Amino acid sequence: MGFFDSLLGKTKLPSAKTDKLFAISTAAVTLEANLGLKPDGEAAICFKPMESSFYESAYAEIEDLLKISTKETGTEYGMKKDEYGYLWVLLKDKEFEDIVATIQMIAQTLIEHGFGTQLLCAVYRFIGESTVYWIYSFKQGSYYPFAPLKDKQRDNAREFRIKAIMEKEMPVEKDMARWYPLWDMPL
């Protein structure tokens with residue numbers, strides 16, 4: 001943002017960063033070996049839909065690509081709007097790499113159509129002694145762990161332990177104030 005933009009109150013939304021999205025593929029091996037966490041075959045990508053014919057075109061292309069790619073990979077998908085109006089593309093596949101590639105494809109399609117600023121996050125669920133989610137923030141270009149407990153509590157100690165082990169392996173968000181909990185995600 002330039003001087004005049006800040007002076008005049010104009011803000012520019014951050015563009016989506018996808019260059020580190022694939023880091024979760026290799027990190028999954030370390031998560032399982034060092035922490036006993038393995039991908040459970042479910043993940044999602046979340047973005048804010050828009051009222052626009054250009055957006056409708058991008059959405060139709062994503063659906064067409066999903067239909068084609070799911071025939072090849074066997075990935076199951078569904079779409080759901082949450083209470084805040086965000087659209088979630090829910091993915092299921094035994095092959096973790098197929099899920100990661102599908103999320104990358106959806107993100108790239110939205111970016112190519114000019115809707116990169118609408119991307120919120122990608123979420124990967126891992127299971128072990130309890131469930132842990134790895135959340136990728138498209139705005140920050142980094143991951144963070146989310147270990148929910150009952151009654152909308154989170155296991156901060158576990159999240160910090162996981163961060164300490166994984167930060168050399170993948171881009172983990174350093175500012176823990178940006179580790180937003182996603183309590184009511186449909187995943």
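Across the chain, Cα-Cα distances exceeding 22 Å account for 48% of all pairs.
Any of Lys20/Lys139; Lys81/Lys150; Lys48/Lys94; Lys81/Lys152; Lys38/Lys150; Lys20/Lys81 with alpha carbons more than 18 Å apart? Name them for me.
Numbers: Lys20/Lys139 12 Å; Lys81/Lys150 23 Å; Lys48/Lys94 27 Å; Lys81/Lys152 21 Å; Lys38/Lys150 21 Å; Lys20/Lys81 26 Å.
In this structure, Lys81/Lys150; Lys48/Lys94; Lys81/Lys152; Lys38/Lys150; Lys20/Lys81 lie more than 18 Å apart at Cα.
Of all DSSP beta bridges in the chain, what percent run antiparallel (nearest 5)? Antiparallel: roughly 95 percent of the beta bridges in the chain. Packing-based ranking of 62-72, 127-137, 40-50 yields 40-50, 127-137, 62-72, ordered from highest to lowest mean Cβ neighbour count within 10 Å.
Any idea what the relative contact order of region 14-171 is, in percent, if you count C-alpha pairs under 8 Å spaced at least 6 apart?
Values: 257 pairs, mean separation 49.9, N = 158.
Taking the mean separation of contacting Cα pairs over the length of region 14-171, I get 32 percent.
Where a number appears in this text, it was derived from the coordinates with a stated rule and is not lab data. Fair warning: this is a prediction, and the values are worked out from it, not measured in the lab. Note that we place each Cβ from the backbone using ideal geometry, even for glycine, and neighbour counts take in every protein chain shown.
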